[in-house]
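Below is one structure; the comments refer to it alone.
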Amino acid sequence: MSAASSRTAPVRSALSRILAVSAGIAALLVLGVATPALAHDELIGSTPSPDEQVTTAPASVVLTYSAAIMPEGAEVIVVDAAGKDWTDGAPVIDTNTLTAPLASGMPEAGYLVEWRVVSSDGHPISGTIPFAVGQATPLQSSQATPDAGADGMSVVPFVVGGIVVVVVVVVVVALAVARRRTTPPARD
C-alpha cells in the first residue's frame with residue numbers, strides 16, 4: 001500500500017460520513033420545515049353545501065373553517081348568472097365560522113358563493129361554492145375548489161434552497177478539515 005493511498009482512505013471515509021450526515025440533516029429539514037408551511041386552514045363545511053339545490057332562498061350563507069379565521073380581509077359575494085351580488089351587508093365572523101347575510105327576493109336560479117378569508121396562519125385562502133334555488137342548476141365556475149395557495153407565494157423553494165446552501169457549506173468545510181488533517185507537515 002502506498003503512502004498516497006493510505007492518506008486518501010481516511011479522507012474518503014470522513015467524506016462519506018459527512019455526506020451521510022448532511023443528507024440526513026437535509027431530509028429532516030425538508031420534512032420538518034416544509035410540511036407545516038404547506039398545511040393551511042381549509043373550508044370544512046358550508047350552508048348551502050356545494051351543488052345543493054335548496055327549495056327556498058337562504059337568508060344567509062354560513063362557511064365553517066378548520067381553524068379560527070381573521071376578520072381582516074374577509075370577503076364573500078353570492079352572484080347569479082348575470083353577476084348580481086345578492087349579499088346584504090358585511091360578513092360576521094365568530095371564531096371559525098363566517099356568516100354572510102343575503103338579500104331577500106332571490107329568484108329561482110343558480111348561484112355561486114365566492115369567498116376569501118385570511119386563515120389563522122396568516123395566509124389568504126379562497127374558493128367557490130355553487131348552489132341553486134328551486135329546480136335551477138347550480139352556477140359553476142372555473143375555480144370551484146378552495147385554493148390554499150391564493151397568495152401566490154410558496155416557501156418550499158426558499159426552504160430547499162436554504163438546505164442546499166447549508167449542505168454545500170458543510171461539505172466544503174468538512175473537506176477542508178479532512179484535507180488539513182491528512183496533509184503531512186512540510187519538511188525542511
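For the ranges 83-94, 63-74, what's the packing order if you count other beta-carbon atoms within 10 Å of each residue, average per peptide, and put the highest first? Walk me through the numbers on the way to the answer.
On the way: 83-94: 14.2, 63-74: 16.1.
Taking the mean over residues of other Cβ atoms within 10 Å, the ranking is 63-74, 83-94.
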Can you tell me the FRET efficiency between His123 and Val172 if r is taken as the Cβ-Cβ distance and R0 is 30 Å, rounded to the nearest 0.05?
0.25
Run the quick spin-label model on Thr64 and Arg17: label points 7 Å from Cα toward the beta carbon, then report their separation in nm to one decimal.
5.6
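A short reminder: the numbers here are calculations on the coordinates, not readings from a lab. All values reported here derive from a predicted model rather than from experimental measurement. Don't worry about glycine lacking a Cβ; one is built from the backbone with ideal geometry, like all the others, and counts go over all protein chains shown.
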